[in-house]
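**Student:** Let me begin by handing over the structure; questions about it come next.
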Amino acid sequence: MPDWKEEITRRLQSLKLAPAREAEIVEELTQHLEDRYQDLVVGGSTEDEARRVALGELREENLLARGLRRVEEEAALEPVLPGGGGRSNLIGSIAQDIRYGLRMLRKNPGFTTVAVLTLALGIGANTAIFSYVNAWMIKPLPYPQADRLMVFLSHDKKKGWTGEGIVSTASFLDFQKQNASFDQTALWAGWNFNLTGDGLPALVEGGRVSWNYFETLGAKPILGRTFAPDEDRPGVGHVAILGWGLWQSRFAGDPKIIGRTITIGGEAYTVVGVMPGTFQFPLMGIANLWTPLALTDKQRADRGSSGLRAFGRLKAGVTPDQAGADSAAIFGRLEREFPLTNTNLTLLVGPMGDEIAREEGAPAVMICFWIVALILLIACANVANLMLAHATSRAKEFAVRGALGATCGRLVRQLLSESLVLFFFGGVAGALFGLLGMRWIEFEIPGHIRGYLVNYGHVDLDFTTLGFTLGITLLCGIVFGLAPAYEHSRHDVNPTLKEASGQASGSKRSAWLRRIFVSAEIAMAVVVLISTTLLVKSFVISVRSSPGYNSTHVMVAQLSLPKTKYAEDWRWRSFGDDVLARIHALPQVVSAGAASSVPFGGFGRWTEVEAAEKPAPRPGEKLGAQFTAVSNDYFSAMQIRLFKGRIFNSADAPGNSPSAIINETLARDLWPNEDPIGQEIRFGEQHTVCTIVGVVDDIKMYYLRERPEPQMYVPLAQFPSATLGFVARTAGSSPTVATAIRDAIWAVDRDQPISSVEPLETLIAIVNAGYSVLTKLLVFFGALATFLGVIGIYGVMSDLVSRRTHEIGIRTALGASPSQVLGMVVGQGLELALIGVVVGVLCALGATRLLAAGLYDVGPNDPLTFIAVPIAFAMVSLAACFVPARRAMRVDPVVALRYE
Amino acid sequence: MEAKASSPEWKKVSAELLILSLVEARPRHGYEISRLIEQRSGGTVRFYVASLYPLLYRLEKRGWVEGRWVERAGQRRRRYYRLTPGGRKVLAAQRRGWQAFVAAVNRIVEVEHA
């Protein structure tokens, strides 16, 4: 008897099966060969012949192994119909779908890479922007029960403006006494303190606050205590609280800091507490030192405008609306009681979180949020198109499975699972991209600002952000996976199986869907591009617009003279003159000047002004103007244009009749049809009267985007100031001038703290930094949207040409010229693009209205943008069609007709 | 990936159809199945060991057939395969698909001759 076992075993060796399994197979096959052998012998064959024929059943040496390998390693496919065996449980079959999906993705690396990258870009952008939405708008403020904290904002009912202040100190104190809505209210003002002793003289940023400031917020010190009520009185309040940063840097973290005496503004203060490094109050900015507000009786009774700000903690059970109504009632009464000062003025109540978010740029973040949402939709449309094309090429596979009994639902589930696997990888890559994006934005935010943004401008891939990323990935995966899933689960077997050519042309519906997706994504890309172009244009215009002076090569030094050392105003004048003379003498300096506040210096004064010879304005109608005292050479140093009259000179000396210079806007407001030169202007609490000697250009003091405001200037000689900003213009950039200016100041007073010596351009850049980051982001988003849109068109056109190669071949064979073929392809592509562009422009007309508030000197329907962007897009789309079109032109009819 | 009549896809489907239909009536072992196919096709279709058993095992893994060792008196044990309820449904679907395909091909072939 021939040894079948040995033959079979040898052929199974390479499979390395489990011994029991191998034994089973060997036994079964042995039996088969034995039966065959016996049948042949019985049928008349010789033993040798029978043996040879039986062995022939095993065919080539490795055929059996190959066949068995596929079976043994094949993942158990589910029974095509439910109810088969015991294997069709939901989780099991979903796991199979996922495995199958992974295999499909592995088999098509090109498709997978493009799809995952596209999704990663879209999801990543959303993750990065959402992390800021989360940090600035969703996360609660870092105080206990932060939703009970409200800020107060002064509001002029007639003129409609809302400011950060409290109407007036006296009014607010009345409100404090009369209101029934707040447990605690606290006042505060940002302040810069001159610190001397314990190191170099330094100007430290901080605030003067009412005694219950920390208590109302719910912030606790890490050392010592916060202020006591009786310390918040003039003369008594020489106590101070340090920030952790200052405690470490200036006092070396002295453990015995509590009770230690420090010198602030030349006076002795006792340290009573230290705040932790995690304490932040974003509205105050960077703060490392606090002293009590200690209002004098005069200040308390002041019904004029106040530089103080306030917040409060609501009583339990009181809603913000109720508090607002309470405030409106109280200020209504004050209006009637004090018509001269309180007419039309009221105090609004709003959540502190909203105010912080607004100041930190929440509107800009929200604009970015909607833009990246659109970009994600564009990316998903691209991927959906890719999946539709990919699924179409698998039409036969689905047709056969359908013929084998796979239900529509089953195939939908499988295609959806494949889609979700793809989106999952896109989501993971997107989270990584998003992290990169977050770090980039963080890096771009200047350190100066970063310190006082909520959460220190630091964003994390925390649970909320990850949850958001997962959520949008899942949502998009399901929504955009349904299209190909639904499309290809319903194939009719016969037409697909009957296809003679290898190109399944796909159902008409699939082609339609792809066209709709492409047009839709182009429309969205156009909306994004128009929006970002308008915003970027705004930024460029604001940066390029003249601020009213020449800001290049101007060094600015700011300081504040302590009242203890410089009690009389003639000392301020003397100091200022001395320093200015020394600065003039510096070889690098071409011209120099001084002012009580310089542009973008962060300081400024306001005063109420009126034309002296005209009837007094009605209460509530008074005009306010920026008020600056300047040296005679200030205007020439800053290169501010003089329109009429003269600038200050030696005639404007102390004791002489006071002069003033006003800007064009103030001239127009007070003397609309007259020459202001020689007129008299009255200002301030003392109702000082000055004679107008000159009219200068409007200048920008705080923001590049500010509207022209009334501004008035008086001579420093006649109105000396304790806060001074020195401006020095150099011929070119001069690395040594900053040190030279510091030395000039310290030559006059060794102990005078200087707050900063920086180029004016830097000061402007710091203020503008937020817009700068935003603009860079917008440029990126605009480019991304365009790129994705163009890829979409290219993909569809490329696919279209492949699909219709057969048809193109026929046309060419029938006499169509290459340029006609080109025209046909390009025409189709352009049609899709144009539909998208037109729809996009119409949508943009509406969408850009929402941007109007954020635009500067650009209308929301700026014609140039609305014409240039669509044309540019159409041209780029044309180029994208061109490559596949050229491919179509070169189709050899003979090859095409044979194309399978 | 196409499935023309001559391509491996349809060959695979038709092979499955053959086996499933042969075990529909009663359980059979591998040799019996291969003999029946050869006989009923008049020698046109033949399944060798190297292709038959991988196919049987695949059908078994899918749950369309169930294999069991059976020992009869006086004989070595053999592995018998029977159709499962799931396999029954698949067989019905495959039969329909095959008949539709054949009808379609016939329609084309007839037209040519006309």
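The values are calculated or read from the model by the stated rules, or taken from the named source; none is laboratory data. Keep in mind that what you see is a predicted model, and the values were worked out from it rather than measured. Backbone-built Cβ (ideal geometry, glycine too); neighbour counts: all protein chains shown. The protein model used for the area step is the full one, side chains on, heavy atoms only, and it has no ligands, DNA or RNA in it. Shrake-Rupley method; radii C 1.70, N 1.55, O 1.52, S 1.80 Å.
**Student:** Would you pick out the residues in the range A:118-142 that are open to solvent by 10 Å² or more (accessible area, probe 1.4 Å), modelled with pLDDT of 90 or more and of a type outside the set (A, V, I, L, M, F, W, C)?
**Tutor:** Once the filter is applied, which keeps residues that are open to solvent by 10 Å² or more (accessible area, probe 1.4 Å), modelled with pLDDT of 90 or more and of a type outside the set (A, V, I, L, M, F, W, C), the range A:118-142 yields only A:118.
**Student:** So, one more: Does residue A:662 satisfy the criteria of being in contact with a Gly (Cβ under 6 Å, 6 or more places away or on another chain) and either closer than 17 Å to residue A:697 by Cα or surrounded by fewer than 16 Cβ atoms within 10 Å (Cβ to Cβ) (or both)?
**Tutor:** no
**Student:** Further, regarding this structure: In the range A:442-497, what residues are at pLDDT 80 or above, open to solvent by less than 50 Å² (accessible area, probe 1.4 Å) and in contact with a Phe, Trp or Tyr (Cβ under 9 Å, 6 or more places away or on another chain)?
**Tutor:** Selection gives A:465, A:468, A:469, A:472, A:473, A:476, A:477, A:480, A:481.
**Student:** May I ask you to verify whether residue A:343 is under 30 Å from residue A:142 (Cβ atoms) and among the polar types (S, T, N, Q)?
**Tutor:** no
**Student:** OK, next. Identify, from the list B:87, B:97, the residue that is touching a strand residue (DSSP E or B) at 6+ places or on another chain (Cβ under 6 Å), facing another protein chain (nearest Cβ under 8 Å) and part of a helix (DSSP H, G or I).
**Tutor:** Of B:87, B:97, the one residue that is touching a strand residue (DSSP E or B) at 6+ places or on another chain (Cβ under 6 Å), facing another protein chain (nearest Cβ under 8 Å) and part of a helix (DSSP H, G or I) is B:87.
**Student:** Would you please list the contacts, defined by Cβ atoms under 7 Å and residues six or more apart or on different chains, that run from a residue in the range B:43-63 that is more than 7 Å from every other protein chain (Cβ to nearest Cβ) to a residue that is open to solvent by 30 Å² or more (accessible area, probe 1.4 Å)?
**Tutor:** B:46/B:38; B:60/B:66
**Student:** A further question follows. Which ones in the range A:717-775 are in a strand (DSSP E or B), open to solvent by 30 Å² or more (accessible area, probe 1.4 Å) and among the β-branched types (Val, Ile, Thr)?
**Tutor:** Listed by number, the list holds a single entry, A:723.
**Student:** Are any residues in the range A:143-188 loosely packed, with under 15 Cβ neighbours inside 10 Å, in a strand (DSSP E or B) and not β-branched (Val, Ile, Thr), and if so, which ones?
**Tutor:** A:183
**Student:** Any residue in the range A:674-684 that is open to solvent by 60 Å² or more (accessible area, probe 1.4 Å) and closer than 28 Å to residue A:192 by Cα?
**Tutor:** So far as the range A:674-684 goes, no, none of its residues is open to solvent by 60 Å² or more (accessible area, probe 1.4 Å) and closer than 28 Å to residue A:192 by Cα.
**Student:** Right, here's the next one. Before we move on, is residue A:858 part of a loop (DSSP other than H, G, I, E, B), over 28 Å from residue A:704 (Cα atoms), β-branched (Val, Ile, Thr) and open to solvent by less than 70 Å² (accessible area, probe 1.4 Å)?
**Tutor:** no
**Student:** Which of (1) within 29 Å of residue A:847 (Cα to Cα); (2) touching a strand residue (DSSP E or B) at 6+ places or on another chain (Cβ under 7 Å); (3) hydrophobic (A, V, I, L, M, F, W, C) does residue A:328 not meet, given it meets every other one?
**Tutor:** That leaves (1) as the condition not met.
**Student:** I'm checking my understanding of the structure. Among residues of the range A:608-649 that are closer than 30 Å to residue A:331 by Cβ and of a type in the set (Asp, Glu), which one is most open to solvent (accessible area, probe 1.4 Å)?
**Tutor:** A:608
**Student:** Among the residues of the range B:27-45, are any in contact with a Phe, Trp or Tyr (Cβ under 7 Å, 6 or more places away or on another chain) and among the β-branched types (Val, Ile, Thr)?
**Tutor:** Yes: the range B:27-45 contains one or more residues that are in contact with a Phe, Trp or Tyr (Cβ under 7 Å, 6 or more places away or on another chain) and among the β-branched types (Val, Ile, Thr).
Yes/no per residue for (1) modelled with pLDDT under 85; (2) at negative phi; (3) in a helix (DSSP H, G or I):
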| residue | (1), (2), (3) |
| --- | --- |
| A:81 | yes, yes, no |
| A:94 | yes, yes, yes |
| A:102 | no, yes, yes |
| A:112 | no, yes, yes |
| A:116 | no, yes, yes |
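**Student:** For the range B:70-84, name all the residues that are at the interface with chain A (Cβ under 8 Å from one of its Cβ atoms), closer than 17 Å to residue A:31 by Cβ and open to solvent by less than 60 Å² (accessible area, probe 1.4 Å).
**Tutor:** B:78, B:79
**Student:** I've got another one for you. Of the numbered conditions (1) out of contact with any Gly (no Cβ under 7 Å at 6 or more places or on another chain); (2) open to solvent by 40 Å² or more (accessible area, probe 1.4 Å); (3) at pLDDT below 90, residue A:286 satisfies every one except a single condition; which is it?
**Tutor:** (1)
**Student:** Restricting the search to the range A:335-374, which residues are crowded, with 17+ Cβ neighbours inside 10 Å, modelled with pLDDT of 85 or more and acidic (Asp, Glu)?
**Tutor:** Those that are crowded, with 17+ Cβ neighbours inside 10 Å, modelled with pLDDT of 85 or more and acidic (Asp, Glu): A:335, A:355.
**Student:** While we're on this one: Quick test of your reading of the structure: residue A:316 fulfils all but one of (1) modelled with pLDDT of 90 or more; (2) more than 14 Å from residue A:154 (Cα to Cα); (3) in a helix (DSSP H, G or I). Name the failing condition by number.
**Tutor:** Condition not satisfied by residue A:316: (3).
**Student:** Keeping to the range A:24-50, report how many residues are closer than 14 Å to residue A:5 by Cβ and either touching a residue at least 24 places away in the same chain (Cβ under 8 Å) or away from chain B (no Cβ under 12 Å) (or both).
**Tutor:** 7
**Student:** OK, next. Out of the residues in the range B:50-69 that are within 12 Å of the chain's Cα centre (by Cα) and aliphatic (A, V, I, L, M), which is surrounded by the fewest Cβ atoms within 10 Å (Cβ to Cβ)?
**Tutor:** Within the range B:50-69, the match that is surrounded by the fewest Cβ atoms within 10 Å (Cβ to Cβ) is B:55.
**Student:** Does the range A:247-262 contain any residue that is surrounded by fewer than 22 Cβ atoms within 10 Å (Cβ to Cβ), at pLDDT 90 or above, assigned to a strand (DSSP E or B) and among the β-branched types (Val, Ile, Thr)?
**Tutor:** For the range A:247-262, residues surrounded by fewer than 22 Cβ atoms within 10 Å (Cβ to Cβ), at pLDDT 90 or above, assigned to a strand (DSSP E or B) and among the β-branched types (Val, Ile, Thr): present.
**Student:** Residues in the range A:327-364 that are assigned to a helix (DSSP H, G or I), in contact (Cβ under 8 Å) with a residue 60 or more places away in the chain and closer than 19 Å to residue A:146 by Cβ: how many?
**Tutor:** Going through the range A:327-364 one residue at a time, the tally reaches 8.
**Student:** Moving on to the next point. Got a number for residues in the range A:37-76 being under 17 Å from residue B:31 (Cα atoms) and among the aliphatic types (A, V, I, L, M)?
**Tutor:** Number of matching residues: 9.
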